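Reviewing the structure listed below.
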Amino acid sequence: MSNYKIGVVFLSSIVLITLGNGQTANPKQNIVQVNETVNESFEKLYRNERVQWALDQLELREPNAVEEQFIMTEIPAPPFKEGIRAAYFLEQLKIRGLDDAYIDSEGNVIGVRAGESQGAEPPLLIAAHLDTVFPEGIDTTVRLRGGRYYAPGIGDDSRGLAAILTMVDVLNDSEIKTVRDIMFVGNVGEEGRGDLRGIKQIFKDHPDIGAFLSIDGVRLNRITTGGTGSRRFEFQFSGSGGHSFGAFGIASAIHAMGRAIAKISEIRTPSLPKTTFTVGTVKGGTSVNSIAANATFAIDMRSNDIEQLALLERKAKAAALEAVLEENARWPEGDIKVEFVLIGDRPAGRTDAEEPIVQIAALAISASGLELRGLSTSSTDSNIPMSLGIPAITIAGGGNGGGAHSPGEWFVPTESHKGPQAALLIALGMAGIVNETKPLLSIQ
């Protein structure tokens, strides 16, 4: 028996709190203004007996969901090498009745739970990402220390993947029939240089998707409704190079790079909309006694506003071109050039608070007994549908945790069942329940 299983059972007996039927479906929250149509639909679905049974089951089965989360955590999924975890996730979807689940050309795992519409109307897509930020070889064993479970990637995003699996399980056992199809996805390429490649491919292959819910990370207290855009480049400097003594007088690619970095560091950006940049890595040269023929730095530029991001990019490129001119002018032989190689493009976007998916999410989180603290903006898989004008949000999968993107990442299943509960309510609200509620997808 793995060293975490006993701890999961023990903790669950302490922290799992029942979502009682006597709780009001729409507790007060003042973050999102909910219109009458959404409110009435939510009230009706929340009081449905099968829905209440499903919510109770999500709580009862949470120890199993957490154990599944830990199993997936221990299956390494480095960037661009998510295949083993993808195969496992595919197997789990099929075990849960999604017999037609498959892996697409990009490596995404896709399973569709058919609704009454049988594909004739736009589906709801629910996704969690398979990849982690960690390289090959890192130890992903889950260990319990001081009441916390530690492992790289334990929350980001093994938690989202586990939430999807337990949702599918309970939906099937409840025999709830939705009006619209629901696509359940474990996608690749959310982190780093993955550049959202998985979700980009899905929306290329399935342009009819009506709305998108991403489940990512822990601590469910906010709804991500904005997508921070980013542009990432390698600025590649090149020249002839030579011996540090014998060829002295030839312009250096490293010197040009240094000039460029210094100029970029002086760029001023607005605090609102938040716009940022950093030169994250540098490389170049062949030896201490050589004039560098090549040098490269990688720069990350981000903004919550597409125009500010474009302006920042123009300024950074202009600074590099100016640096090259200065370096070439400084020496008798100046032949340095610079090329700008795009290595990441995450478009900015936003889902308006008036969209039903935002409103139903606010109600679902509050009904689960959690405090909704606000709407947020960050870089998630939701950036892609947002940029396409498709209603999209990201929520956390529940529980407590911290240290994301570090070897010290940790998780505690405190009220963690409330993540899948909220996600289920959002899904049923958007997809609709046959003979009970109309899909809120219909009023996009």
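Read-outs throughout are calculated quantities, based only on the coordinates presented, and are distinct from any laboratory measurement. Small disclaimer: the values here were computed from a predicted structure and weren't measured. Note: ideal-geometry Cβ built from the backbone for every residue, glycine included; neighbour counts use all protein chains shown.
Overview of values
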| read-out | value |
| --- | --- |
| For the range 229-346, Kirkwood radius (reciprocal of mean inverse C-alpha pair distance, Å) | 14.6 Å |
| MRE, 222 nm, helices only [DSSP H, n ≥ 4, -39500 (n - 2.57), over the chain, to nearest 500] | -11000 deg cm²/dmol |
| On Cα atoms only, tilt of 49-60 relative to the major axis of the chain in degrees | 60 degrees |
| For the range 229-346: relative contact order, % (alpha-carbon pairs under 8 angstrom, 6 or more apart) | 46 percent |
| Under 24 Å from residue 337, Cα to Cα: lysines that are on another chain or at least 8 residues apart | 263, 283, 315, 317 |
| Antiparallel bridge percentage (DSSP; both residues within the range 229-346; nearest 5) | 95 percent |
| The chain: angle of helix 253-265 to the longest principal axis, Cα-based, in degrees nearest 10 | 50 degrees |
| Shape of the range 338-413, Cα gyration tensor, a/c cut at 1.5 | oblate |
| Degrees between helix 83-95 axis and first principal axis of the chain (Cα, 0 to 90, nearest 10) | 10 degrees |
| Check: the range 41-183 dipole with +1 on Lys, Arg Cβ and -1 on Asp, Glu Cβ, in debye | 320 debye |
| Given charges at beta-carbon only (K, R positive; D, E negative), |dipole| of the chain in Debye | 1040 debye |
| DSSP-loop chymotrypsin sites (Phe, Trp or Tyr not before Pro) across the range 194-253, with at most 12 other Cβ within 10 angstrom | 245, 248 |
| Selection from 279, 424, 368 lying farthest towards where the dipole of the chain points positive, charges on Cβ | 279 |
| Which label in (i) 24.6, 85; (ii) 22.5, 71; (iii) 30.6, 103 gives the computed Rg and Dmax of the Cα atoms in Å | (i) |
| Magnitude of the charge dipole, the range 229-346, Cβ model with Lys/Arg +1 and Asp/Glu -1, debye to 20 | 320 debye |
| Candidate aspartates and glutamates - alpha carbon under 14 Å from residue 177, same-chain residues fewer than 8 apart omitted | 49, 116, 169, 436 |
| Equivalent ellipsoid semi-axes, the range 31-127, via Cα gyration tensor eigenvalues times 5, rooted, Å | 30, 19, 15 |
| Rounded to 5, the percent of DSSP beta bridges in the chain classed as antiparallel | 70 percent |
| Qualifying lysines (Cα of each under 19 Å from Cα of residue 418; at least 8 residues distant if same chain) | 28 |
| Taking the chain and dividing mean pair separation by its residue count, relative contact order in percent (alpha carbons under 8 Å, at least six apart) | 23 percent |
| Between the range 147-163 and the range 210-280, the alpha-carbon center distance in angstrom | 29 Å |
